[in-house]
1. Please compute the volume of the convex hull spanned by the alpha-carbon atoms of segment 281-339 and report it per residue in Å³.
2. Toward the positive end of the charge dipole of the chain, about the Cα centre and with charges on Cβ (Lys, Arg +1; Asp, Glu -1), which of G249, L393, G123 goes farthest?
3. What is the magnitude of the charge dipole of segment 505-649 about its Cα centre, with +1 placed on the Cβ of each Lys and Arg, -1 on the Cβ of each Asp and Glu, and no other charges, expressed in debye to the nearest 20?
4. Using Cα positions and a limit of under 17 Å, work out the lysines in reach of K55, with same-chain residues fewer than 8 apart set aside.
5. Kirkwood Rh over alpha-carbon pairs of segment 79-208, then Stokes-Einstein at 37 °C and 0.692 mPa s: what D in µm² s⁻¹, rounded to an integer?
6. Output the 0 to 90 degree angle, nearest 10, between the alpha-carbon long axis of helix 698-708 and the longest principal axis computed from the alpha carbons of the chain.
7. Using the Kirkwood radius built from alpha carbon pairs, what does the Stokes-Einstein equation give as D for segment 294-371 at 20 °C and 1.002 mPa s, in µm² per second?
8. Just the Cα atoms of segment 514-609, one point each, no solvent: what log10 I(q)/I(0) does Debye give at q = 0.17 Å⁻¹?
Amino acid sequence: MQYAEPTLFGALLQGQLKFAFGVSPLVFAAIAGLIVAAVVVSYFKTTRPLSKAWKLFFISLRSSVLMLILFCLLRPVIITQQASQQDTYLGVLYDDSRSMSVTDMAGSISRREAVNEALIRNGVLDELAESFQLRSFRFDQQTERITGADGLSAEGTASSISQALEFVDAQLGGLPLGGLVLVSDGADNTGDDPVVKAQAFGARQIPIFTVGVGQEAIPQDIGIVDVNSNRTVLEDTVFTVSAGLKHRGYEGHEVELTVRDGDSVVASRTVTLGEEGITRRYELELAPERPQAIVYDLQVALQRGEIIEQNNTYSFLVDNSDREPLDILYIEGHPRNEYKFIRRAVEPDSSLRLATYLQTGPEKYYRQGIESPTELSEGFPSDRETLFQYEALVLGDIEQSFFSVEQLQMIQGFVADRGGGLLMSGLIDPEFITTPIADILPVSLVEEGFLPSYLQGGIRRGSHPTGELFTPRLTRSGEFSPLLRLAAEDGENSYLWRQLPQLQGIQVTGRIKPGASVLIEHPLLQYQDQALPVLAYQRYGSGRSMVLTSASTWRWQMMMDSRNQSHEILWRQLLRWLAVSAPERISIEFDREFYNVGDEVMVSATVLNEEYQPDNNATLYLQTTDPLDQITDSPMQWDIEEEGVYRSRFTVAQEGVYNLLVDIASAAGEGSRDGSQKEAAIVVISSLREYNDAAMDSGLLSRIAEISGGSFFSLDQASELVNAIEFTPNAYSREVQIDLWDQPWLLALLITLLCIDWIARRLRGLS
């Protein structure tokens, strides 16, 4: 193996000084001290008087000559490491993620351009190529071999230093690797701790030389960290979007948040930024304007002085596509106004199907909204399978005697096991107190005889307290509940509620159950120091239950302008909320809220049988349609650790909307009678990970270098790389000794000092 001759200057900077005759530097220093002392004594008395300055000059000059002679006589040498010439390899790793496109370098150039200037155009890599065989790599989430820096694009959506070190180790592990040069901003945001891998390189004497790129602190920046919203919504539904913002340098500033659907602004809000460096969440409300999967853009207005603008925009998807209507069974005890107006409110809404069974007289019933002649032909469903085909159940002014004991138990199973929703509206038959219905409701039921006299009598009209007109009062929860939204903006929503006509009459119930929430309450009447609830709900088992204790919401339509839609909006939102939580036979979940190019998507499908119990014997396939309309089919595997859960994975390669279809068949290969398919969509967006916290992490880069035996350099110190690499020990370098005593420059220095001493003495007339 051939070795390059190290330069003397580099050896002086990197090597260790020793004396060939075994004298330690400390002994040399002691002898030098004695020489200086002897020279000082010899100049106490001179043949000609000298000033103190001249004496000091002559003492220094004579001492330097004598110490230089002593230095040469002891034969000084420099001990350093000698690199092999062209037989040792040097790996160069370039960070090619999007953070390298940030323009925070001197002259307002990007980090990538600064790397080209410092390492290539300044000839640093050319000098290294004279002593090593260079192998270049680019890395982001993945690593690949390149021929040079021309192969860099700064388009990687994430960076993984650990993965890059693993890849290079696998590629060059069988070669005489003398070291690695890692050029990065250190913003490692995925994978394992790179310091652990660097330690493994250090144990094999392969030093890593890190070159930090970028500013260590971005002085001014506002970044969107993430956005949370409903993945799917129903038509005309108002939903909330929550945006997480983090900033530097703009504490107390007001900025505008906007949500765009294409070129149209659909929501906006001005917010005041809080403490810097801390993620704070801000909410906006939206209502989809068309029935399809919509990609919205959330934007933060660019502020003066911001260096990074890419993290001021974030895209998210809301699926408002047409889907099968939610099936709701409505049992009504008599043809009251409430029934008529509820049906009117729901009829224009294609997302809801209200199948009603109305008792019009003794043993007389009227069916509406049915899909087939046999639906509800026998009255209330007599078996669980038929009842479980609905997502919600509404009971209005119906007597307990209408149901059999088995049917009441079925209703309890419908809510607790199937996950359906139950709403009791209007008058509640006291006979329900001893049935499972009393367990399901969010309020306790009390016999009339136990109520104070002014609360007895149930819903009635007239001067009785329970029958008087009253203005319903929204609770704090009700003011912000999406169920009671008449407008997206809080002030307008409150105004519209104040315009609604008064209700008349209230069914008195007992106390609110623990865990239940009240959305609307009576402004005056109380029972046991609690305001009487008008609208309350709770979770029960897998489902939901709700009670509406007034039978006069029809006044919100009848006594308003015919164009006013408040009554329709409220009832649609209530019924949707009841029904939408009921699980489908197939439900799809994703492992993350959002995905970036190159991410792996984990799709989980939960499959239920006719009894809405987990089904472990299904055969599932996942069909994926990417933004380029390319279709891929793959089987889904049952996760043996979770009942009824099947999983599949795929990697997203393009930005845009991915449409997914899960298709199910029974173990015998036959499609299920209904609910055999489920569609979903995700959006793949540009990653913000590379732009948030994009400052150079010198601490990480320094630890990588130190633990591996290398050195850390900022980019403006890149010219020092050559000497550092050449003289840093590695597994393929050897110790070399360079003599100093016979160096020509040392002899020239000695002669020069002697000449100066002779001339100076002659000028001062000394012997």
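1. Numbers: hull volume 10.1 nm³, N = 59.
Output value, Cα hull per residue: 172 Å³.
2. The Cα lying farthest towards the positive end belongs to G123.
3. Details: 12 positive and 20 negative charges, 227 e Å.
Taking the Cα centre of segment 505-649 as origin, the dipole is about 1100 debye.
4. K45
5. Details: Rh = 15.2 Å.
In µm²/s, the coefficient rounds to 215.
6. On a 0 to 90 degree scale, this one is about 60.
7. Details: Rh = 16.7 Å.
The estimated diffusion coefficient comes to 128 µm²/s.
8. -0.94
The values are calculated or read from the model by the stated rules, or taken from the named source; none is laboratory data. Here the structure is a predicted model, which is why all the values come from computation and not from measurement. Heads up, the Cβs are rebuilt from the backbone with ideal geometry, glycines too, and the neighbour counts pull from every protein chain shown. For the accessible areas, the whole protein counts, side chains as well, though only heavy atoms, and no ligand, DNA or RNA atoms are used. Shrake-Rupley method; radii C 1.70, N 1.55, O 1.52, S 1.80 Å.
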